[in-house]
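What follows is a short report on a single structure.
The values are calculated or read from the model by the stated rules, or taken from the named source; none is laboratory data. Nothing here was measured: the structure is a model prediction, and the numbers come from that model. A quick note on method: Cβ atoms are made from the backbone with ideal geometry, for glycine too, and the neighbour counts reach across all protein chains shown. Ligands, DNA and RNA are stripped out before the accessible areas are found, and what is left, the full protein with its side chains, is counted by its heavy atoms. Shrake-Rupley method; radii C 1.70, N 1.55, O 1.52, S 1.80 Å.
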There are 2 protein chains.
Amino acid sequence: MKITRNLYSSNLTLLTDLYQLTMAYGYWKAGMTDREAVFNLFFRRNPFKGGYAIACGLSYVIDFLENFNISDEDVAYLSTLKGNDDKQLFEPKFLDYLQQLEFTCDVDAVEEGSVVFPQEPLIRIKGSLIQCQILETLLLNMVNFQSLIATKSSRICLAARGEEVLEFGLRRAQGIDGGLAASRAAYIGGCAATSNVLAGKLFDIPVKGTHAHSWVMSFESEIEAFETYAEALPNNCIFLVDTYDTIEGVKHAIKAGNRLKEKGYKFAGIRLDSGDLAYLSTKARELLDAAGFTETVIVASNDLDEHIIDSLKQQDAKINVWGVGTKMVTAYDQPALGGVYKLSALRNKENTAWDYKVKLSEQAIKISTPGIQQIRRFYANGECIGDAIYDEENLPKNDNWTIIDPMDMTRRKKMTIVEGEYKDLLKPIFVNGKRVYKKPDLQTIQAKVKDELKTLHRSIKRFTNPHSYPVGLEKGLYDLKTDLILKLREVE
Amino acid sequence: MKITRNLYSSNLTLLTDLYQLTMAYGYWKAGMTDREAVFNLFFRRNPFKGGYAIACGLSYVIDFLENFNISDEDVAYLSTLKGNDDKQLFEPKFLDYLQQLEFTCDVDAVEEGSVVFPQEPLIRIKGSLIQCQILETLLLNMVNFQSLIATKSSRICLAARGEEVLEFGLRRAQGIDGGLAASRAAYIGGCAATSNVLAGKLFDIPVKGTHAHSWVMSFESEIEAFETYAEALPNNCIFLVDTYDTIEGVKHAIKAGNRLKEKGYKFAGIRLDSGDLAYLSTKARELLDAAGFTETVIVASNDLDEHIIDSLKQQDAKINVWGVGTKMVTAYDQPALGGVYKLSALRNKENTAWDYKVKLSEQAIKISTPGIQQIRRFYANGECIGDAIYDEENLPKNDNWTIIDPMDMTRRKKMTIVEGEYKDLLKPIFVNGKRVYKKPDLQTIQAKVKDELKTLHRSIKRFTNPHSYPVGLEKGLYDLKTDLILKLREVE
């Protein structure tokens, strides 16, 4: 009875921008394919005007890299591409080369669920120039989106102050994987469950759901609808009460709840999906309590996000469980994380040393950082106090580091290396193309997010004008970058 | 050498909200699975504060429905789900039933590439209640997202006034399919090509791409980078000129262009990816023209959307080709279309007649429309002048129709049925679960969008406060809906 979806049963190696392949071809023609390079994936600004982000997507990246492969079918397709003289874009010999290419890079990455900040390399790839280049697009696609959603989810869960958040977004998600990967990332960010059954099956996420308005509309009356539902699924009763009139709906739910109680079942909850949630939840709570259903929860949904939840909390709305859909899975107020992937070092022609690389721009924030970068996070009393981006090939000579804000060189901070009070965030994932890292399960990653958020001062987690966490370039790397920029600006 | 991506090689039938399955179970327990129902998929507001939308996603829907299937593995998963008493949520007999379920519905839909408006059913499903219900989530997922992107793309292409628009969004897209489906929808909306190679291969979309900043950074100098590229790919030369200094970059590109010309190749273009595009494109055009490269195009990219393109056009920027990424594929300013799927009719218990259904709400826009709906579009001199949503079971008695705005019953319009001056938009796609519709190829759908947009008065296509195209309920249906609402409000 199994079927196969053609769309995704093929490998994803061609899920890349054509320019990666034309550059690959250029490197091959120029004999540069195997020059060793270092690329870093990072973002430039925290999403949602927030103070932090959550790294996510590495698990997808690992799967992709382990399956890196150009199939016969892919080659057949690539050989049909033409240049502007209507001749083949790629020589057949190059396509043979491409097909024989095996993934042999070193990959270091920040673990999923880690708190991260702008400018920090989330993934660092070191290996042959051609391989590093070809991987760019898919790495960005996976990490940009999943980090965005994990961050959004963590914010929404913070707003809910420990109460259950359910992710309901599939119907408005951006495509199939826009739904699946979002359910995974939302769970990592702190959601308790998803409505997405396939995400539940594939990723072992708890799934939740009861009934929609159409259920109620399929019966002569609302009370008949609730009672029929309770008859069929007595152990899963959260009645949606706003199909016709919310307050009447609550009364009908209480009637059905009484029947459930008589039969020894739990009247688990009601759901509000429209109207003024602050007002209606208070009214519903009163009715439920008066009927003795003090343990029956009120689930609310309807275009919720962290700001609306926060406002409802401040209004003392009587909501216990938060169903969040569209605003979570599309990261509605900022639907893309502007992550980029930049070359930071390349072996010189003689293969005797690294040439460090920067990309210039008239905007300081768009100038990239050179070097074989690593991130060191410093702690004091369990709270993180600052991150240094440093060059592994140029470690400071002593334990007193200075970090310098790359956007404002007058903002500096001293950091002291004390045993047990710091950690380096990039961990080896692949060495020479072989995986050396064991993927944690989703529950472990979700727990990591919770732990990591505890290490952040609450001012950094604030939604409005959060405190800017200190991330700087270690002084040696800062000086090196400055020298490179000045040299390039003079030369060019 | 072929590999399989486990993630998507299984079927997608479980890509649904759990509540569809709990409702399905409820219908099964209540003996209601085979009651004939009609559901409609529609949206409530045009996206992007615009005047229209483009229907897209039907092709994905057809593939999905043709592969509708619950596998053994799916059943094994579903049987692990528990209720709040820790007992199985679904009886094994129900799961057997579910697994034997075959898709047998009638599906009528607006063809991909059609111009559509709020409240109009894009897809109408008629069939057993249980089947109609289970399909909701995936239909919404596919149609919401793809219609959103096709609409965005059509707006961006309108802003570019016939000039080439290239879609470059994969790296910032919302997941794998957020990229693939977006590339397809963007092409339908009018883009000339995509950078997404897998979309090119799967959907037969032209692909384009040359090189990135990292290519330039991999050489000692920019001129060496351009010349090496030109040597390798002389038939695909669009030089990215802003790695270090844009104007110097243009000069270097011209040098490389001269070499290309000597060798008999075309210096196809340059690309600007940062800075003030109005200023830089004018300067670059002057330099190119002065060097005799009047045919060499200027491609621009960097966070473009319809508004920025429109502004650049008004500033007389010398840009010939528009590369659009993030803002297109995520529909950045409105990343979700709020499409919904509502029950509009259900056979009565005796199976003698339809019970028409509405969902109430305190907001008029959220009240659904009952009936076996069809859309009739009226034309005058090749321009469309109004759409009637009417009930197929209650066709008006004569050829003079009145349509009434469901949001404002005082806004009415007379329409006269004249041979050749109207058409019905919903076409049969499946009859009793068998496909009766041949999917057009992508080029045909793209051409349809162009043709359809020509039938719209330009005031409807305006970006700012567009004219509101008249869509109304045919008076018979309007009266029927009003009666139903009043009856429900009295009863409830």
Tilt of helix A:129-159 relative to the longest C-alpha principal axis of chain A, in degrees (0 to 90, nearest 10)? 30
Report, in degrees rounded to the nearest 10, the 0 to 90 angle that the Cα long axis of helix B:475-491 makes with the longest principal axis of chain B. 60
Can you give the direction-averaged projected area of the convex hull of the alpha-carbon atoms in the stretch A:11-68, in nm²? 5.9
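What order do A:M407, B:M142 take when sorted by accessible area (1.4 Å probe), most exposed first? Display every interim value, and only then the final one.
Numbers: A:M407 85, B:M142 5 Å².
The most accessible residue leads, giving A:M407, B:M142.
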Sequence gap at least 6, Cα distance under 8 Å: using those rules, report the relative contact order of chain A to the nearest whole percent. 20
Can you list the distances in nanometres, one decimal and ascending, from the A:Y279 label point to the identical position in each other copy, with the point 7 Å along Cα to Cβ? 5.3
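Rg over Rh of the stretch B:157-329, using C-alpha atoms and the Kirkwood radius, what does it come to? Spell out each step's value before the answer.
On the way: Rg = 15.8 Å, Rh = 16.4 Å.
Radius of gyration over Kirkwood radius for the stretch B:157-329 works out to 0.96.
Among DSSP bridges having both ends in the protein assembly as shown, what percentage is antiparallel? Round to the nearest 5.
Working: 94 of 132 bridges.
Of those bridges, close to 70 percent are antiparallel.
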Gap in Å between the Cα centre of the stretch A:134-199 and the Cα centre of the stretch A:340-356? 35
What spacing in nm lies between the two simple spin-label points modelled at A:T482 and B:E262, each 7 Å away from Cα in the Cβ direction? 4.3
As an exercise, use a Förster radius of 41 Å and the Cβ-Cβ distance of A:E66 and B:E66 to find the FRET efficiency, rounded to the nearest 0.05. 0.85
Label-point gap, in nm, between A:Y279 and B:K413 - each point 7 angstrom along Cα→Cβ: 3.5
GluC sites (Glu not before Pro) within the stretch B:303-388: which are DSSP loop residues with at most 16 other Cβ atoms inside 10 Å? B:E350, B:E362
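Filter the trypsin sites (Lys or Arg not before Pro) in the stretch B:24-124 to those in DSSP coil with at most 11 other Cβ atoms within 10 Å of their Cβ, and list the result.
Numbers: sites: B:K29, B:R35, B:R44, B:R45, B:K49, B:K82, B:K87, B:K93, B:R124; in loops: B:R35, B:R44, B:R45, B:K87.
Those satisfying the criteria are B:K87.
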Need one number for the protein assembly as shown: average projected area of the convex hull over its C-alpha atoms, nm². 40.4
Starting from the Cα coordinates of the stretch B:1-142, work out the convex hull volume and express it per residue in Å³. 157
How do the peptides A:158-168, B:420-430 rank, highest first, by the average count of neighbouring beta carbon atoms within 10 Å per residue? A:158-168, B:420-430
Those trypsin sites (Lys or Arg not before Pro) in the stretch A:312-402 that DSSP places in a loop and that have at most 11 other beta carbons within 10 Å: A:K349, A:K397
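How much net charge surrounds A:I238 when only the other residues with a Cβ under 14 Å from the Cβ of A:I238 are counted, with Lys and Arg +1 and Asp and Glu -1?
Numbers: positive: A:K208, A:K266, A:R271; negative: A:E164, A:D242, A:D273, A:E295, B:D17.
Summing Lys/Arg as +1 and Asp/Glu as -1 gives -2.
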Express the relative contact order of the stretch B:309-455 as a whole percentage, based on alpha carbon pairs under 8 Å and six or more residues apart in sequence. 14
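Quick one: dipole size for chain B, taken about the Cα centre, charges +1 on Lys/Arg Cβ and -1 on Asp/Glu Cβ, in debye to the nearest 20. Walk me through the numbers before you get to the answer.
Details: 61 positive and 66 negative charges, 150 e Å.
Roughly 720 debye for chain B.
Give, as a single signed number, the net charge of other residues whose beta carbon lies under 13 Å from the beta carbon of B:T104, with Lys and Arg counted +1 and Asp and Glu -1. Intermediate values should be presented prior to the final figure.
Details: positive: B:K126, B:K434, B:R435; negative: B:D34, B:E36, B:E66, B:E102, B:D106.
Here the charged neighbours net out to -2.
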Here the relative contact order (percent) of the stretch B:103-216, from C-alpha pairs under 8 Å and at least 6 apart, is 20
Residue order for B:V207, A:V431 - accessible surface, 1.4 angstrom probe, largest first: A:V431, B:V207
Two-decimal log10 I(q)/I(0) for chain B, as the Debye equation yields it once each C-alpha is a single scatterer, q = 0.06, 0.08, 0.13 Å⁻¹: -0.35, -0.59, -1.19
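Rounded to the nearest angstrom and ordered from largest down, what semi-axes does the equivalent ellipsoid of the stretch A:332-454 get from its C-alpha gyration tensor (root of 5λ)?
For the stretch A:332-454, the ellipsoid semi-axes come out as 26, 22, 20 Å.
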Peptide B:203-216 - average C-beta neighbours from other chains (10 Å radius): 6
Where B meets A: accessible area buried, both sides, 1.4 Å probe, Å²: 11600
Pair A:E231, A:E383: separation of 7 Å Cα→Cβ label points (nm): 6.0
How tilted is helix B:246-262 with respect to the longest principal axis of chain B? Cα atoms for both, answer in degrees (0 to 90, nearest 10). 80
Any idea what log10 I(q)/I(0) is at q = 0.11, 0.12, 0.17 Å⁻¹ for the stretch B:245-387, Debye with uniform C-alpha scatterers and no solvent? -0.67, -0.71, -0.99
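Pop out the carbon and sulfur fraction of the accessible area of chain A as a percent, whole number, probe 1.4 Å.
Answer for chain A: carbon and sulfur cover 47 percent of the accessible area.
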With the label set 7 Å along Cα→Cβ, B:E362 is separated from its counterparts in the other copies, in nm and shortest first, by 5.1
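Compute the semi-axes of the equivalent ellipsoid of the stretch B:190-249, taking the square root of 5 times each eigenvalue of the Cα gyration tensor, and list them largest first in whole Å.
Numbers: eigenvalues 140, 30, 19 Å².
Equivalent ellipsoid of the stretch B:190-249: 26, 12, 10 Å, largest first.
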Place the label 7 angstrom along Cα→C-beta at B:D204 and in each other copy, then list the distances from the first to the rest in nm, shortest first. 4.4
Heavy-atom surface of the protein assembly as shown, accessible at 1.4 Å and reported per residue (Å²): 36
Exposure rank, largest accessible area first [B:Y77, B:Y265; 1.4 Å]: B:Y265, B:Y77
Quick calc, the stretch A:298-390, dipole around Cα centre from Cβ unit charges on Lys, Arg (+) and Asp, Glu (-), nearest 20 debye, gives 540
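As a check on your grasp of the helix formula, calculate [θ] at 222 nm for chain B: sum -39500 (n - 2.57) over DSSP H runs of n ≥ 4, divide by the residue count, round to the nearest 500.
Numbers: 17 runs with 188 residues, N = 492.
About -11500 deg cm²/dmol.
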